[in-house]
Amino acid sequence: MKVRNIAVVLLFVISLAGCSSFRGNRVGSVNSDPWDTVKVILKDIKAPEFPKRDFLVTSYGAVGDGKVNCSQAFKKAIEECSKQGGGRVVVPPGNYFTGPIYIESNVNLHVQKGARILFSTNPDDYPIVFTRWEGIELMNYSPLIYSFEEKNIAITGEGILDGQANETNWWPWKGQERYGYKKGTPSQVDKDKRAALFKMAEDGVPVEKRVFGKGFYLRPQFVQPYRCENVLIEGVTVTNSPMWLLNPVLCNNVTIQKVTMESLGPNSDGCDPESCKNVLIKDCYFNTGDDCIAIKSGRNADGRRINIPSENIIIQGCRMANGHGGVVIGSEISGGVRNVFAENCTMSSPELDRALRIKTSSARGGVTENIYMRNIEVGQVAEQVFIATMFYEDKGNYMPTIRNIEVKNMRVKNGGKTGVLLEAYETSPIQNVRLINVTIDSVPTPYKFTNVKNVVFDDVKINGKKVELDK
């Protein structure tokens, strides 16, 4: 590592040391503000730039009639673009049917307004690749758009990426009738296909021997850059996904902005940065069948094997409609999550369960720390405004840690069933939680705590009454 880079890292570590607790009880200056570190993080997040060269997919044989298979045209255009040093692979107005798309280094897949890429729903069109599925590495179907160990890649434009997933394809593999599953047909739960992957990971089976794909019914993600640097996704609409929509894994320097994510199928998380560093999610819209934004870092033994956290995640100006949670950390969280800052977001829907959700368990382990939200407007949620739980799904022998959470300047018109729900183990209480200038209305249970330490309400009003916690 160069001397200059070492100096930058040291300065950044020193600046984050101030985030270990709250003002007046923090390592370093008592006047420091954790939000000051946002400026430091943003300086390290820079969208990639590309040479001013365009490669039209129609020049390589693509036909925008929605019928002709354009897979080879996309492949040739991307390979030529990368070979010549990079630029834009341009998709002009029209409907383009294709199999999976692989983006190479220095390529910007630019989908113009009026263009729609229609992805095949035939599993046989998707090769087996090195990927991560619900927090576990394996060999499985390629994501619809995939990159592996590439640099300077982008998906931009005002066009539409349409996975065409619905109750007749991909979704029934979940094994639930509301998504088109019919008893007696194959699914991921048939003969414990999903459980087989989890067991392999717990048993330490090498990744190259965890071969799934045909016959195992594990749905692919939509967009997954894997071990990539300098990633940009901007402007496009992503819809009808088999499962998770945007899933950068083990990436550094990721910018996702002005993206519309709409998919109401099973496990249709909007954006899942997984074991990533330096991520900006800005001015995006979410209407999803699962969590809107879910920050992850691997599941159980496999997450601990890789042991890389998600860190330095900035969320700004996003809008959340349907979803299990607006800003979510977990549940695949064994590598840890730290330094998450969400600000100036709006959330509301009778189908939005929570505003802020932290979910982990004693099977996951890991440390979740330094989570900050401010200037959040919530119309309505169905369950909780803020929940942090250590009792999500599995139990095990790896005690999780949740600490240093601050929610500031939040207004909630309809708080669902419980305003604030914190639940932890006696041996690992949730620590250092502060709500400042928070108003929650129309909620039957204001708050419920089990095994917490140093929880502070500062100017918190619930159902019109100021709430003072016992010291």
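Derivation of every value follows stated rules applied to the coordinates shown; laboratory data play no part. Here the structure is a predicted model, which means the values were calculated and not measured. Every residue, glycine among them, receives a Cβ derived from its backbone with ideal geometry; neighbour counts consider all protein chains shown.
Computed values, structure above
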item: Exposure proxy order (Cβ contacts within 10 Å, fewest to most) of Leu56, Leu245; result: Leu56, Leu245
item: Listed residue pairs exceeding 31 Å between alpha carbons, taken from Lys191/Lys395; Lys52/Lys209; Lys183/Lys395; Lys277/Lys448; result: Lys52/Lys209; Lys277/Lys448
item: Whole-Å distance, taken between Cα centres, linking the stretch 280-332 and the stretch 149-199; result: 18 Å
item: Helix-only mean residue ellipticity at 222 nm for the chain, each DSSP H run of n ≥ 4 adding -39500 (n - 2.57), per residue, nearest 500; result: -3500 deg cm²/dmol
item: Separation between Cα centres of the stretch 364-396 and the stretch 27-105, rounded to whole Å; result: 32 Å
item: Over the chain, relative contact order from alpha-carbon pairs under 8 Å, at least 6 apart, %; result: 9 percent
item: The stretch 112-157 - Kirkwood radius from inverse mean 1/r over Cα pairs (Å); result: 12.8 Å
item: Quotient of C-alpha Rg and 2.2 N^0.38 Å, computed over the stretch 48-252; result: 1.04
item: Least to most buried among Met399, Met261 (fewest other Cβ within 10 Å first); result: Met399, Met261
item: Highest average packing first - 236-244, 64-72, 129-137, Cβ atoms within 10 Å; result: 236-244, 129-137, 64-72
item: Relative contact order %, the stretch 48-252, counting alpha carbon pairs below 8 Å whose residues are six or more apart; result: 20 percent
item: Of Lys258/Lys417; Lys413/Lys461; Lys282/Lys408, pairs whose Cα-Cα distance is over 23 Å; result: Lys258/Lys417
item: Cα centroid of the stretch 440-471 to Cα centroid of the stretch 345-362, whole Å; result: 18 Å
item: Packing-based exposure ordering (other Cβ within 10 Å, fewest first) of Arg403, Arg364, Arg227; result: Arg227, Arg403, Arg364
item: Solvent-free Debye scattering, log10 I(q)/I(0), computed from the Cα coordinates of the chain at q = 0.06, 0.11 Å⁻¹; result: -0.26, -0.88
